[in-house]
Amino acid sequence: MPGSLYKAAAIAGAAEANEIGFLKEPVTSLQLHIEAIKNLSDQTGIPISRIDGVFSTGWSTELCEHLGITPKYIDTTAVGGCSFEMHVHHALAAIYAGIIDIALVSHGENGHSANQLGGRGVGNYAAGAGQQSPAFEMSMAYGLGSAPSNYAHAMVRHMHRYGTSREDYAHIAKVSRDWATLNPRAAMYSKEKHPFGGPITAEQVEESRVITWPLTILHCCMVTDHGGAVFVVSPKVAAGLKTKPVWIAGAGESMSHGNMLQMEDFTKTSARHSAEAAYTMAGLGPADMEMAMVYDSFTITAAMTIEMLGLAAPGEGHLPWKDGRAAPGGAFPINTNGGGLSFNHSGMYGMPLLIEAYRQLSGTAEDGVHGDPGKQTSARTCVVNGTGGSLSTTGTLVLIADD
Amino acid sequence: MRPATRVVYYGWLGVFGEDLLSYTKPIPRQGTHTKPFWEGARAGKLMLPKCEDCGRVHWYPRHICPNCHSTNLSWIEASGEGTIYTYAVQHLTFGPWKEEAPYVTAYIDLKEGERMLTVLRGVDPEKPEEIKIGARVQVEFEPADDDTHIPFFRVVEE
């Protein structure tokens, strides 16, 4: 008997870059990708603008940005030469699931030209165009460094548009620290654990050292060590486990750009689209959520995300923290582990978001080792939102507790 | 060979001079399809890619129009005028830029549409509240090496 994915999708066309082989005029991997995609579009008559899933070995954000498209399924599986067969498999599953209709699987690799361009290993396998990207070429001269150097521009625009002050956002850092003081695993749990740990005030956030104005260091997440994992299982498997299941009611993903040069509106992220997909899948809305776990790379990231998730009006993303609703004991807890600001942030914070959401909804949010009570809430639903890149990509989950 | 001369920026007062020191900050590596931009920059012109089919400009330079997906692309000379979309002041920075910190980075909305990143000139990084979103700016070019003149934007006095 065939499996459920049997004939669930088909390959509709196949094309290559204009010139292939040992090219006399060196080309970038990016150009090879784009030529092949254009030719595929011409061959099949499928407009590039209709592509809604993109699969590549690490190139997907860059390809989408270059093409000016924002698909709702983004895959970058890069496990060597067989990656493309896997991309087809993943696309089949996504199409079978009804998430997408038109999947692009793309390849571009300037194995020969790279030698002539003096960048062997750059812009090749799984690396994106890197220093051969035109976006990099046109932005690398201007003294931007790590994440805060770019995110601060979004904060300034957001403050300008809505008339908010930096102090409004300082409450996010203060409240997140309050949560961390209830979590013995949090890096900033106490003064004993870290010299800068323990409670802080909004004033202290404001007076701390400037990293990129208007972001002071306490508006920024930490850089720590973290490891984490979760299981996603079928209902049948879930029924026989010792642990309580937390159900994935909805999921969505989106992107708006790769490089902030291409971010049309610095006050909005694609979370509004990924959240819409997740809420729709769940048959639930923001009003049904009882808590939230959102990526807080910076205070502004958390505030903007809350707005995108429909949990606050535009320009009022800071209010749940400022008025105490997001704080311990508040009506709508947010980032109950202490967040990337005060719990842990190793660089990619998506996994800690998932772990805390699971713990809250399974009733295991109190610290298992130390037995400290405090951060467990009564929430039965949670919206989780991760933000990647430079406010570039977003993934939203709607999770609900078991019965 | 005589090293490239460079325009020296002495700070927010906007005093300019010229010397023979080499440009110390990162210099872009020119791409395989961006030559018209850098040729224009050497001549003091800001060149933008434009789609011949839909008529729109785009930034940064593409292999394909991100608006209509035509590959019939050309270049136009832009006015070099724009306005500040947003900005930030870089205090903690790395490498050669460290010596210049604090400095103001900004995203500029070009008169022709689209947005460029820059280091803003003619502003005081110690008084960020005085920088105005929407303020008019004009492009200027700084020679970094013989091939590469880098565009920067300066606030235009009203």
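We did not get these values from a lab; they are worked out from the coordinates using the rules stated. What you are looking at is a predicted structure, and each value in this text was computed from that prediction instead of being measured. Counting neighbours? That spans all protein chains shown, and the Cβs are built from the backbone with ideal geometry, glycine included.
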Item to check | Those GluC sites (Glu not before Pro) in the range A:222-281 that DSSP places in a loop and that have at most 14 other beta carbons within 10 Å | outcome: A:Glu264
Item to check | Whichever lysines have a C-alpha closer than 23 Å to that of B:Lys98, once near sequence neighbours (fewer than 8 apart) are set aside | outcome: B:Lys25, B:Lys127
Checklist outcome for this item: GluC sites (Glu not before Pro) in the range A:181-244 lying in a DSSP loop, each with at most 12 other Cβ atoms within 10 Å of its Cβ, come to A:Glu192
Item to check | Amide H partners (placed H, <5 Å) of B:Ile76, local residues excluded | outcome: B:Leu48, B:Lys50
Checklist outcome for this item: the range A:186-236 and the range A:24-102 have their Cα centres apart by a whole-number Å value of 36 Å
Checklist outcome for this item: Each label sits 7 Å from Cα toward the beta-carbon; between A:Asp101 and B:Phe94 the label points are separated, in nm, by 4.4 nm
Item to check | Inverse of mean 1/r across different Cα pairs in chain B, Kirkwood, Å | outcome: 16.8 Å
Checklist entry - Mind checking which of B:Leu117, B:Leu73, B:Leu92 has the largest fluctuation in a GNM of chain B, springs on alpha carbons under 10 Å? => result B:Leu92
Checklist outcome for this item: The distance between the Cα centres of the range A:270-343 and the range B:33-83, in whole Å, is 39 Å
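Below 14 angstrom from the Cβ of A:Ala173, what's the summed charge of the other residues (Lys, Arg +1; Asp, Glu -1)?
Neighbour charge sum, excluding A:Ala173 itself: -2.
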Item to check | 21 Å Cα-Cα reach of B:Lys111 towards lysines, excluding residues that sit fewer than 8 places from it in its own chain | outcome: B:Lys45, B:Lys50, B:Lys132
Checklist outcome for this item: Share (percent) of C-alpha pair distances in the protein assembly as shown greater than 38 Å works out to 35 percent
Item to check | Kirkwood-Stokes translational diffusion coefficient of the range A:29-138, alpha-carbon pairs, 37 °C, 0.692 mPa s, µm²/s | outcome: 230 µm²/s
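Averaged across the residues of B:89-99, what count of C-beta atoms belonging to other chains lies within 10 Å of each residue's C-beta? Don't skip to the end; give the middle numbers.
Numbers: counts 9, 11, 10, 11, 7, 5, 2, 1, 6, 2, 0.
The per-residue average across the peptide is 6.
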Checklist entry - For labels at B:Glu81 and A:Thr201 in the simple 7 Å Cα→Cβ model, what's the distance in nm? => result 5.0 nm
Checklist outcome for this item: The answer for the net charge of residues other than A:Ala12 whose Cβ lies under 15 angstrom from its Cβ, with Lys and Arg +1 and Asp and Glu -1, is -1
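Which of B:Glu81, B:Glu157, A:Glu35 comes first, and how do the rest follow, when ranked by fewest Cβ neighbours within 10 Å? All intermediate terms of the calculation are to be shown ahead of the outcome.
Values: B:Glu81 16, B:Glu157 8, A:Glu35 21.
Ascending number of Cβ neighbours within 10 Å: B:Glu157, B:Glu81, A:Glu35.
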Item to check | Expected 222 nm ellipticity per residue - DSSP helices of 4 or more, -39500 (n - 2.57), all of chain A, to 500 | outcome: -9500 deg cm²/dmol
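What are the trypsin sites (Lys or Arg not before Pro) within the range A:1-96 that DSSP puts in a loop, where the Cβ has at most 11 other Cβ atoms within 10 Å?
On the way: sites: A:Lys7, A:Lys24, A:Lys38, A:Arg50, A:Lys72; in loops: A:Lys7, A:Lys24, A:Lys72.
Answer in residue order: A:Lys7, A:Lys24.
Is the shape of the range A:129-191 rounded, prolate or oblate, going by the alpha carbon gyration tensor and its root eigenvalues a ≥ b ≥ c, with a/c under 1.5 for rounded and a/b larger than b/c for prolate? Walk me through the intermediate numbers first.
Numbers: a/c = 4.20, a/b = 1.66, b/c = 2.54.
It is oblate, given that a/c is not under 1.5 and a/b is not larger than b/c.
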Checklist entry - Given the range A:180-401, what count of lysine pairs have C-alpha atoms under 26 Å apart, with each pair 8 or more places apart or on different chains? => result 8
Checklist entry - How large is ³J(HN,Hα) for each residue in the range A:377-394, as worked out from phi by the Karplus curve 6.51 cos²θ - 1.76 cosθ + 1.60 (θ = phi - 60°), to whole Hz, x for Gly and Pro? => result 9, 9, 4, 10, 10, 8, 9, 10, 9, x, 10, x, x, 9, 6, 8, 10, 9
Checklist entry - In the Gaussian network model of chain A, springs joining C-alpha atoms below 10 Å, which of A:Gly228, A:Gly252, A:Gly386 carries the largest mean-square fluctuation? => result A:Gly228
Next on the checklist: Net charge around A:Glu316, counting only other residues with Cβ within less than 13 Å of its Cβ (Lys, Arg = +1; Asp, Glu = -1)?
Outcome noted: 0
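Does the range A:180-401 come out rounded, prolate or oblate by the C-alpha gyration tensor, with a ≥ b ≥ c the root eigenvalues, rounded set by a/c under 1.5 and, if not, prolate when a/b is larger than b/c and oblate if not? Walk me through the intermediate numbers first.
Working: a/c = 1.62, a/b = 1.09, b/c = 1.48.
Note, shape of the range A:180-401 comes out oblate.
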